[in-house]
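**Student:** After the structure tokens below, expect a handful of questions from me.
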Amino acid sequence: MSRSVLYDEPGPRTLRNERIASAVVALALLTALAYLLAGMAGRGLFDDRWTVFTDPPKGQDAVDVWKSLGRGLRATLLAAAVAAPVALLLAFALAALRAAGPRWLGRPLTVLIEFLRGMPVLLMMFFGLLALGLSAFSAVVFGLVLYNAAILAEILRAGLAALPRGQVEAGTAIGLTRGQTLALIQFPQVIRLMLPSLISQFVVLLKDSSLGFIVGYPELLRTMQLNYSFFGDRYRFPLFVVVLVVYLTVNITLSRLAEYVQRRTSRAR
């Protein structure tokens, strides 16, 4: 018989109450969903406006609409794919300098990282666009890299702090420098230890790329905006729903990847 150390196993009455509570909550959620859908239908949100994906107006073809959304998704993924490795490399550099750099450099790096963590990503994008004269794509990548490098550097620092302190002494004992100990002994363990958190931050990076439409980068949200501006405001809702589904699909896939990696690394440890 299985026993719990922290609490007693629920008895028949508790299990029955839990089932009743679950059924009541599920019924309340279904009622709220039905009320929401009825209200949306009453406002005409399920009329022929959805034909924008099958037979769009103004002489356009459905393939053109889907291709435009595909180009927007490709632009979103491209910005994230370029920013993620650059941010990770910069994070490794910041974490290494804080851990093994000169002592006088520690405080300025801490201030820099806290500053970047506290700055909105959009402001960094605007700084790159207006102050540095970068293109829209480069400005988006610039903002994503700086912000996420600071976050990733803190994740790596936490991973280094979680390792046994004796590993540094062991590296010194076999003749390794502090930098070699970081590169050969500590960072490989930190990557495996913090990999789920790193992947989760990459999900955040991908979501933050949607801010690029404000600086004129033609990512997925910008593509949605251009489509309903061309076809008319009544097509805004169906375009919004499709873009929402695309974002959810991509982000949930990455989240499931993080959970899978976490399970694998836990078993490996």
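**Student:** When all C-alpha to C-alpha distances in the chain are sorted into bins of 10 Å, what percent of pairs does each bin hold, rounded to whole numbers?
**Tutor:** 6, 20, 22, 21, 17, 11, 3, 0
**Student:** Between 0 and 90 degrees, rounded to the nearest ten: what's the tilt of helix 62-100 against the longest Cα principal axis of the chain?
**Tutor:** 20
**Student:** Assign one of three labels to segment 152-210, namely rounded, prolate or oblate, based on the Cα gyration tensor with a ≥ b ≥ c the square roots of its eigenvalues; rounded applies when a/c is under 1.5, prolate when it is not and a/b is larger than b/c, and oblate otherwise. Working shown, then result.
**Tutor:** On the way: a/c = 3.72, a/b = 2.92, b/c = 1.28.
Verdict is prolate for segment 152-210.
**Student:** Can you list the HN-Hα couplings for segment 101-110, worked out from phi with the Karplus curve (6.51, -1.76, 1.60; θ = phi - 60°), rounded to whole Hz and with x for Gly and Pro?
**Tutor:** My calculation for segment 101-110 gives x, x, 4, 5, 8, x, 5, x, 5, 4 Hz in order.
**Student:** Let me know the Kirkwood hydrodynamic radius for segment 132-172, please, with Cα pairs as the basis and the value in Å to one decimal.
**Tutor:** 12.6
**Student:** Once the other residues with Cβ under 15 Å from the Cβ of Q186 are scored (Lys, Arg +1; Asp, Glu -1), what is the net sum? It would help to have the intermediate numbers written out before the result.
**Tutor:** Working: positive: R98, R157, R165, R178, R192; negative: E169.
Combined, the nearby Lys, Arg, Asp and Glu give +4.
**Student:** Something else now. Which value results for Rg/Rh of segment 170-247 when Rg is the Cα radius of gyration and Rh the Kirkwood radius based on the inverse mean 1/r? Provide the component values of the computation, followed by the final result.
**Tutor:** Details: Rg = 22.4 Å, Rh = 16.2 Å.
We get a ratio of 1.38 for segment 170-247.
**Student:** Expressed as an acute angle from 0 to 90° and rounded to the nearest 10, what is the orientation of the C-alpha long axis of helix 12-42 relative to the principal long axis of the chain?
**Tutor:** Compared with the principal axis, the helix lies near 50 degrees.
**Student:** Taking one equal scatterer on every alpha-carbon of segment 37-107, how large is log10 of I(q)/I(0) by Debye at q = 0.12, 0.14, 0.21 1/Å?
**Tutor:** Debye curve over Cα of segment 37-107, log10 I(q)/I(0) at q = 0.12, 0.14, 0.21 Å⁻¹: -0.62, -0.69, -0.93.
**Student:** Hey, what D do you get for segment 203-269 in µm²/s if you plug the Kirkwood alpha-carbon radius into Stokes-Einstein at 4 °C and 1.567 mPa s?
**Tutor:** Values: Rh = 13.7 Å.
Estimated diffusion coefficient is 94 µm²/s.
**Student:** Count charges around Y147 for me, please; just the other residues with Cβ under 13 Å from its Cβ, Lys/Arg as +1, Asp/Glu as -1. Before the final figure, lay out each step's value.
**Tutor:** On the way: positive: R117, K207; negative: E114, E154, D208.
Summing Lys and Arg as +1 and Asp and Glu as -1 gives -1.
**Student:** Could I ask something else about it? Please give the calculated 222 nm ellipticity per residue for the chain, where each DSSP H segment of at least 4 residues contributes -39500 (n - 2.57) and the sum is spread over every residue; nearest 500 deg cm²/dmol?
**Tutor:** Working: 10 runs with 198 residues, N = 269.
That comes out to -25500 deg cm²/dmol.
Bear in mind these aren't lab numbers, they're just calculated from the coordinates by the rules spelled out. Quantities reported herein were computed from a predicted structural model and do not represent experimental measurements. All Cβ positions, even for glycine, are placed from backbone atoms using ideal geometry, and neighbour counts span all protein chains on display.
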